[in-house]
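Report on the structure given below.
The values are calculated or read from the model by the stated rules, or taken from the named source; none is laboratory data. None of the values given here were measured: they were computed from a predicted structure. Positions of Cβ are backbone-derived with ideal geometry, glycine not excepted, and every protein chain shown enters the neighbour counts. Side chains included, ligands, DNA and RNA excluded: accessible areas come from the protein's heavy atoms. Shrake-Rupley method; radii C 1.70, N 1.55, O 1.52, S 1.80 Å.
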Amino acid sequence: MATRIIETNPRPFAQVAIDPVTLDIMENALRNARVEMDTTLVRTAMSPGIREQGDAFPLIADHKGRMIVGQFGSYIGPFLDGYDGSIEDGDMIFLSDPYSVGGAISHSNDWLVLLPVFKDGRLIAYTSMFGHQSDIGGMVPGSMPIDATTIFQEGVRIPPVKIWKAGVYNEDLIKLVMTQTRTPEWCAADLNALIAACRVASRRIVEMAERFGDDVFVSATEELLARNHRAMKALIETSIGEEKVSFEDYICDDGLGYGPYKIKCTMWRENGRVVLDFAGTDPQSSGSINFFLNENMMRMFFGIYMIMIFDPQILFNDGYYDLIDVRIPQGSLLKPAFPAALSGRTHALGRIFDVLGGLLGQKTPEFLNAAGFSSSPHLFYSGVDKDGKYFQLFQIGFGGIPGRPLGDGPDGHSLFPNFTNVPNEFLERYFPLVIERYETLADSGGAGLHRGGNGIDMVYRFLEPGMIAIHDDRWFVHPWGVNGGEPGARARKVLVSADGTETVVANKRENIPVKAGDVLHFITWGGGGWGDALDRDPALVAKEIVQGLVTVAGARRYGVVIADDGSVDAAATEALRTEMRSKRPETLPVFDTGGTIESLRERCLAETGLPAPIQPVWLTPMAIAAE
């Protein structure tokens, strides 16, 4: 079963030589087309998740479906392999079901539009974009029930269908889909924004082909892919060894009281290719934290990490995929069996980046990053205001980026570089709440020669009764430090009732009632530190105290003593650092996780105010057969 491409012009593209200047012009034109897609989207969309935060991802692919510019790699190949239909000029595909495209999109909130670009009867490229919809129906507002046990509870699932067929718009399909959502006005505007972005890029591609010629355009895309292949091949040969290295990290819990869940990956080079084997990863969860990891997406994650660490000038695309062998066990947390719930997959998605960092840095610790803000914490707030109008907020929180070989981790930043925060003025204008404080939390970043970025404390005062939901992680296991750096502080959520009662709230919980006047402290975690904190410049520590990033008490983690006038007490600092060095091992650990899972369980209630998650127990195939 494979897609049938209908072309009225059967002439194949001719391969022509591309000079460096032409290639450079076309490369930058494609980059600009991607930027124009983003700009079109944010100027057209309505939901704060897309319009304000940029939770949408563009893609421009060649005529074979391979990504030329984008972010998550191309999902077009798996789509073409599985779609039992045809594609012709004037068609546009619309879908949201992760299981229909092998996890190329990872939960049903992501609506995807795919536009094949035809010119003179031939398919010349694809443009595509997917974006997170604020609501698609299901059992809770926001359609991301952390306690879902099946994807059927998470809202409408859209298999690959034609929203445009040979130039004719399928209006009835859109009416059907919009009936399923609590926010049809937002979703309709966001869908139109995705369509408009794809059409803008399509026009730019046709303009490029008209300017340079179809054969030149196609040959240029082939050369961009080949150039990336050559660069990645060289990086793999010089940076990845044949000896196997393994690393594992954890998702704290599943929202049902069980955890942590292990993600393990082993890496090695074999016959010129990198092998990424996830054997040892825990089985799928009963809850929604499963991440249906598409192999091409994992290849792109690996490539982006390699490029950003070793050679940031490389334009990443799909050209190197045959150099990476990804192996993911069926039935695991990263390859769950249908109809497993997927809406809470963000935590595992983000943790993949920490696992990659732990793998790639073991042989070259000078390039090792600490663990950082590897998730996208969500807050949901919904209800009916005093005027009888329904409101529904979905917001992504930020936190601390890890300490790095070249410097400190940024404070209060997003997992994805292109994300921006929702302005407080926007929140207060459109939702019944007040943002009382939005600031980085001093000392939450792990101490180190290079400090981990601080998390944030965002304080919401709710003005109307309603329901909130919280999705976050790293409240049980720490963001680990590296090369002697300390772990970052963990996430924490505190609800203060109007009468002053404080309650520590679980970091994954649905349907929390709030009243007018209640206050929520939404505290995110910090990044791990990099290197020995006792080597950090005391003057820099003193400066960060003035900036509110470190406290006077926190400065002592760096062995720095601050005098009453705010200056560094040099003598006391030297004495404290000497004492601290004498009490610790001569060799500092490469990874500091803050303790074993067993010790974290013992200390959990005292340190977090929450009971430790219960260790999951999975039935073996033999036990299942016996039942």
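Of all residues in the stretch 63-89, count the ones that are hydroxyl-bearing (Ser, Thr, Tyr), open to solvent by 10 Å² or more (accessible area, probe 1.4 Å) and under 25 Å from the mean Cα position of the chain (by Cα).
Of all residues in the stretch 63-89, those hydroxyl-bearing (Ser, Thr, Tyr) come to 74-75, 83, 86.
Within this subset, residues satisfying the condition of being open to solvent by 10 Å² or more (accessible area, probe 1.4 Å) are 75, 83, 86.
Applying the additional criterion that residues be under 25 Å from the mean Cα position of the chain (by Cα) yields 75.
Counting residues in the stretch 63-89 that are hydroxyl-bearing (Ser, Thr, Tyr), open to solvent by 10 Å² or more (accessible area, probe 1.4 Å) and under 25 Å from the mean Cα position of the chain (by Cα) gives 1.
Return yes when Ile304 is closer than 16 Å to Val355 by Cα and touching a Leu at 6+ places or on another chain (Cβ under 6 Å) and no when it is not. Please lay out each step first, then the result.
Working: closer than 16 Å to Val355 by Cα: yes; touching a Leu at 6+ places or on another chain (Cβ under 6 Å): no.
The answer is no for Ile304.
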Practice prompt. Please state which one of Gly412, Gly397 is open to solvent by 10 Å² or more (accessible area, probe 1.4 Å), touching a residue at least 12 places away in the same chain (Cβ under 8 Å), small (Gly, Ala, Ser) and at positive phi.
Written response: Gly412
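Name the single residue, out of those in the stretch 566-606 being in a loop (DSSP other than H, G, I, E, B) and acidic (Asp, Glu), that is modelled with the highest pLDDT. Before you say what the answer is, go through the steps one by one.
Start the filter on the stretch 566-606 by keeping residues that are in a loop (DSSP other than H, G, I, E, B), which leaves 566-567, 569, 583-590, 593-596.
Keeping just the survivors that are acidic (Asp, Glu) gives 569, 586.
Numbers: Asp569: 97, Glu586: 87.
Applying the filter and picking the extreme gives Asp569.
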Worksheet item: Going by the structure shown, is Glu52 open to solvent by less than 80 Å² (accessible area, probe 1.4 Å), of a type outside the set (Phe, Trp, Tyr), modelled with pLDDT of 95 or more and within 20 Å of Ala197 (Cβ to Cβ)?
Response: no
Worksheet entry | Checklist (1) open to solvent by 10 Å² or more (accessible area, probe 1.4 Å); (2) within 30 Å of Asn507 (Cβ to Cβ) applied to Phe291, failing item | (1)
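Here is a yes/no grid of residues against (1) polar (S, T, N, Q); (2) farther than 18 Å from Asp325 by Cα; (3) at pLDDT 95 or above; (4) open to solvent by less than 30 Å² (accessible area, probe 1.4 Å):
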site	(1), (2), (3), (4)
Arg211	no, yes, yes, no
Val216	no, yes, yes, no
Glu222	no, yes, yes, no
Arg230	no, no, no, no
Lys233	no, no, no, no
Gly241	no, no, no, no
Glu248	no, yes, yes, no
Gly259	no, yes, yes, yes
Asn271	yes, no, no, no
Discussion item. When you scan the stretch 560-571, do you find a residue that is among the charged types (D, E, K, R) and buried (at least 19 other Cβ atoms within 10 Å of the Cβ), even just one?
Written reply: no
Worksheet item: What is the residue count in the stretch 509-551 for residues that are closer than 27 Å to Gly287 by Cα and either part of a loop (DSSP other than H, G, I, E, B) or open to solvent by 10 Å² or more (accessible area, probe 1.4 Å) (or both)?
Response: 10
Discussion item. Please determine whether any residue of the stretch 316-330 is in a loop (DSSP other than H, G, I, E, B) and touching a residue at least 60 places away in the same chain (Cβ under 8 Å).
Written reply: yes
Item to complete: Scan the stretch 153-169 for residues that are at pLDDT 95 or above and either in a helix (DSSP H, G or I) or open to solvent by 60 Å² or more (accessible area, probe 1.4 Å) (or both) and report the count.
Response: 6
Discussion item. Cβ contacts < 6 Å: first residue touching a residue at least 12 places away in the same chain (Cβ under 8 Å), restricted to the stretch 214-237; second residue open to solvent by less than 20 Å² (accessible area, probe 1.4 Å) and among the hydroxyl-bearing types (Ser, Thr, Tyr), any location; separation 6+ or different chain. Result?
Written reply: Asn228/Tyr320; His229/Tyr320; Met232/Tyr320
Item to complete: Being assigned to a loop (DSSP other than H, G, I, E, B), over 30 Å from Leu540 (Cα atoms) and either of a type in the set (Gly, Ala, Ser) or touching an Asp or Glu at 6+ places or on another chain (Cβ under 6 Å) (or both) is the filter here, so list the residues in the stretch 418-467 that pass it.
Response: Val422, Pro432, Glu464
Worksheet item: Which residue, of Pro611, Pro589, Pro585, is exposed (fewer than 15 other Cβ atoms within 10 Å of the Cβ) and in contact with a helix residue (DSSP H, G or I) (Cβ under 6 Å, 6 or more places away or on another chain)?
Response: Pro611
Discussion item. What are the pairs with Cβ atoms under 6 angstrom where one residue, in the stretch 74-91, is among the β-branched types (Val, Ile, Thr) and the other, located anywhere, is surrounded by fewer than 18 Cβ atoms within 10 Å (Cβ to Cβ)? Sequence gap at least six, or different chains.
Written reply: Ile87/Ile5
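When you scan the stretch 359-371, do you find a residue that is within 15 Å of Ile251 (Cβ to Cβ) and open to solvent by less than 10 Å² (accessible area, probe 1.4 Å), even just one? Working first, answer last.
Step one: of the stretch 359-371, the residues within 15 Å of Ile251 (Cβ to Cβ) are 371.
Remaining after also requiring open to solvent by less than 10 Å² (accessible area, probe 1.4 Å): 371.
Yes, because at least one residue in the stretch 359-371 is within 15 Å of Ile251 (Cβ to Cβ) and open to solvent by less than 10 Å² (accessible area, probe 1.4 Å).
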Worksheet, complete the sentence: Residue count, the stretch 17-60, condition in contact with a Gly (Cβ under 8 Å, 6 or more places away or on another chain) and within 27 Å of Gly121 (Cβ to Cβ), comes to 4
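Quick grid of which residues meet (1) farther than 15 Å from Trp111 by Cβ; (2) among the aliphatic types (A, V, I, L, M); (3) open to solvent by less than 20 Å² (accessible area, probe 1.4 Å):
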{"site": "Glu171", "(1), (2), (3)": "yes, no, no"}
{"site": "Val177", "(1), (2), (3)": "no, yes, yes"}
{"site": "Thr181", "(1), (2), (3)": "no, no, yes"}
{"site": "Ala189", "(1), (2), (3)": "no, yes, yes"}
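Scan the stretch 1-38 residue by residue and report those that are closer than 30 Å to Ala189 by Cβ and open to solvent by less than 50 Å² (accessible area, probe 1.4 Å).
Step one: filter the stretch 1-38 for residues closer than 30 Å to Ala189 by Cβ, giving 3, 29-38.
Selection gives Thr3, Ala29, Leu30, Ala33, Arg34, Met37, Asp38.
Quick one: would you say Asp318 is modelled with pLDDT of 95 or more and among the acidic types (Asp, Glu)?
Working: modelled with pLDDT of 95 or more: no; among the acidic types (Asp, Glu): yes.
No; evaluated as a whole, the condition is false for this residue.
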Item to complete: Would you mind stating whether Phe94 is open to solvent by 10 Å² or more (accessible area, probe 1.4 Å) and either under 13 Å from Gln180 (Cα atoms) or modelled with pLDDT of 95 or more (or both)?
Response: no
Fill in: Hits in the stretch 352-378 - residues which are more than 22 Å from Asp408 (Cβ to Cβ) and in a helix (DSSP H, G or I)
Ile352, Val355, Leu359
Worksheet item: Any idea which of Ile60, Ile105 is open to solvent by less than 40 Å² (accessible area, probe 1.4 Å), closer than 24 Å to Phe302 by Cβ and without any contact (Cβ under 8 Å) to a residue 60 or more places away in the chain?
Response: Ile105
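Only one of Asp472, Asp457 is under 24 Å from the mean Cα position of the chain (by Cα), at pLDDT 95 or above, closer than 21 Å to Asp253 by Cβ and open to solvent by less than 40 Å² (accessible area, probe 1.4 Å); which? Write out each step before concluding.
On the way: Asp457 fails: closer than 21 Å to Asp253 by Cβ.
Of Asp472, Asp457, the one residue that is under 24 Å from the mean Cα position of the chain (by Cα), at pLDDT 95 or above, closer than 21 Å to Asp253 by Cβ and open to solvent by less than 40 Å² (accessible area, probe 1.4 Å) is Asp472.
Looking at the stretch 290-301, which of its residues are of a type in the set (Phe, Trp, Tyr) and modelled with pLDDT of 90 or more? Outline the logic, then answer.
Filtering the stretch 290-301 for residues of a type in the set (Phe, Trp, Tyr) gives 291-292, 301.
Result: Phe291, Phe292.
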Discussion item. Take Ala489 and tell me if it is surrounded by fewer than 23 Cβ atoms within 10 Å (Cβ to Cβ), on the phi < 0 side of the Ramachandran plot, of a type in the set (A, V, I, L, M, F, W, C) and not in a strand (DSSP E or B).
Written reply: no
